[in-house]
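No value in this document is a laboratory result; all are computed from the given coordinates. Computed from a predicted structure; not experimentally measured. Glycine also receives a Cβ, built like all others from the backbone with ideal geometry; neighbour counts cover every protein chain displayed.
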Amino acid sequence: MPGHPAMARPSTILLLGFSILLAACAAQEPIVIQGTAVPPLPKLDAVRVKKGERLYAQYCASCHGVELEGQPNWQQRQEDGSYPAPPQDSSSHTWHHPDELLLEIIANGGDPAFGLRMPGFEDQLSEDEMRAILEYMKSYWDTEQREFQWWISAR
Ligand code: HEC
């Protein structure tokens, strides 16, 4: 039906999509720290963040806190030499570590020789599930922390 108002819509949508794409490209710049460049920071995948949120609540929240806030006095060594569970949000040093180290800690736990009480989840979680939890943790970090952590993982 020529001249029908609905005919205008696809091109409007296309134009809108194109402007969003342009805006996204402009924000996507390589990250350069200490003279070493890595590709732009990838966006978090909302579906995987949601999946990670569910798994985190089930497996991690009892120690690391429902809001990733950690246990009280997490920086203080206990009498038995162990440490309480640290926060996983932007207030602890978790975001200083590259993905591979974090995944290795989640899979194998802390070293009991150092009095570390983090259990390993190798038998309960697949690598994909551990990565989803990590994606969820990243949603708590600010852009600068995310950029640094991406850089240290990708360099
Ligand atoms: C029984 C309590 C407990 C549970 C459950 C637990 N953790 Fe931990 N976690 C700890 C403790 C205590 C530490 C600090 C000492 C250590 O590293 O062993 C820790 C440390 C960590 C670290 C290292 C943090 C850093 O900045 O070095 C990561 C990452 C981590 N946990 C992730 C997880 C994830 C993800 C889960 C759920 C799959 C989980 N933890 C479940 C107790 C726990």
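With K and R counted +1 and D and E -1, the other residues having a Cβ less than 11 Å from that of P84 yield a net charge of +2.
For segment 46-154, the extents of the C-alpha atoms along the principal axes are 41, 31, 25 Å, listed from largest to smallest. Residues with beta-carbon under 13 Å from that of M118, excluding M118: net charge, scoring Lys, Arg +1 and Asp, Glu -1? Taking every other residue near M118 into account, the sum is -2.
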